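What follows is calculated from the coordinates using simple rules that are stated; it is not laboratory data. The shown structure was predicted, so the numbers you read here are calculated from the model rather than taken from an experiment. Please note: Cβ atoms are built from the backbone with ideal geometry, for glycine as well, and neighbour counts cover all protein chains shown.
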Amino acid sequence: MTNAANQLLKQGIIQYQSNEFEAALQTWQQARNLYRTYQDLQREGAALGNLGAAYQALGNLPEAIACFEQHLTIAQRIADNKGQVNALLNLRNAYLALDDAVKASEYHQQQLVLAQEILTQATADDFTKVATMLGLNPIEDFAGANLSGANLSNTNLKAANLQAAKLSSCNLSYANLNSANLAHAILNDADLKLADLSRTNLYNACLVNANLSNANLRDANLQGADLQNADLRCLMPRANLSGAILTSANLCSAYLQNTNLRGANFKGALLQQADLSGADLSHADLTRVELNNVQVENTQIQNVKGLSAEIKRYLLERGAIADG
């Protein structure tokens with residue numbers, strides 16, 4: 001009997017592809033009834049998804065949505081990820097067809113929740129595959145998403161919109177985040193070793209305890225970012241870190257040429273052997289900062305807090321500028 005139902009399912013697909021939507025509807029209904037009789041929930045759900053597609057093709061969106069909702073309920077009940085993916089995508093598209101952006105957004109959020117569940121168990125090369133499976137665009141659809149703990153190592157997220165995304169404890173090592181929007185994102189304890197963050201917008205982002213060793217942050221915007229205890233032994237020429245919180249951060253040997261560090265809080269940070277040539281440190285707080293062997297040629301240190309007279313003299317001797 002299951003074989004008969006399977007044949008009906010295939011027959012309906014042929015009819016649907018031939019634009020015989022009424023015939024496909026009847027055929028898939030028969031298949032659904034047989035699957036239900038034999039309590040084959042996974043295939044019953046698939047048949048319901050097909051029925052919804054037929055109703056939608058016939059312009060009957062309320063019936064289509066009813067079928068998709070039944071499919072989703074079954075898929076959730078039996079933990080069928082593929083079924084949930086299809087049902088959520090169908091529901092989102094159906095409500096978009098009805099110009100109901102609110103309901104479409106609700107199902108989009110459910111897609112993102114499912115994405116997190118799948119990605120936390122996925123390998124590093126699965127992100128794009130999972131996003132595609134979920135009907136999501138990895139460059140556009142993950143703003144505000146919770147992807148905490150996901151393995152996104154080596155992932156290409158160039159110019160991606162990840163504004164306000166939750167990415168704590170994510171593995172983003174070697175990831176391409178060039179020109180991505182990570183404003184207000186939460187990246188606490190994230191692994192960003194050797195990541196490309198050039199021209200990335202990290203305005204007001206949280207990167208407490210994040211590891212950015214050997215990352216590329218050329219021309220990045222980290223204005224107001226929270227980088228407490230972060231490993232910042234990386235490249236940051238021309239980056240904007242004005243008003244950033246860098247307390248206890250490790251910037252040993254960091255490359256900070258021409259960087260805007262105006263008003264940044266460096267309390268307790270390590271800056272030994274860092275290259276701050278041409279940087280603007282005016283109004284920054286350098287209380288208890290280690291500054292041995294720093295390069296400060298043409299570095300602005302007007303109104304810097306926390307500098308002893310001896311340390312200030314040491315910086316001036318190395319080329320820093322305290323007036324003008």
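Among LYS103, LYS158, LYS267, the largest mean-square fluctuation in a Gaussian network model of the chain (Cα springs under 10 Å) belongs to LYS103. You can think of it this way: the chain between LEU98 and GLN7 has 29.5 nm of extra reach, that is 0.36 nm per residue less the Cα-Cα gap.
On full extension, the segment bounded by GLU117 and ALA23 gains 30.0 nm, given 0.36 nm per residue less the C-alpha separation.
Of the residues ALA185, ALA66, ALA143, the one that moves most in a GNM of the chain with alpha-carbon contacts below 10 Å is ALA66.
The count of lysine pairs in the chain with alpha-carbon distances below 27 Å, taking only pairs 8 or more places apart or on different chains, stands at 17.
Principal-axis analysis of the Cα atoms of the chain puts helix 41-57 at an angle of about 90° to the longest axis. Multiplying the residue separation of SER105 and ILE311 by 0.36 nm and subtracting their alpha-carbon distance yields 68.6 nm.
Evaluate the Kirkwood expression for the hydrodynamic radius of the range 2-99, namely the inverse of the mean inverse distance over all pairs of different C-alpha atoms, and round to one decimal in Å.
Numbers: mean 1/r = 0.0766 Å⁻¹.
Evaluated on the range 2-99, it is 13.1 Å.
In the list [x] 1.05; [y] 1.22; [z] 1.02, the label attached to Rg/Rh (Cα atoms, Kirkwood Rh) as derived from the coordinates here is [y]. For the chain, the longest principal axis of the alpha carbon atoms and the long axis of helix 2-17 meet at an angle near 70°. Structure remark: mean-square fluctuation, Gaussian network model of the chain, C-alpha springs under 10 Å; the largest value among ALA239, ALA79, ALA64 belongs to ALA79.
Of the residues THR120, ALA104, CYS252, the one whose Cα sits farthest towards the positive end of the charge dipole of the chain is CYS252 (charges of +1 on Lys and Arg Cβ, -1 on Asp and Glu Cβ, taken about the Cα centre).
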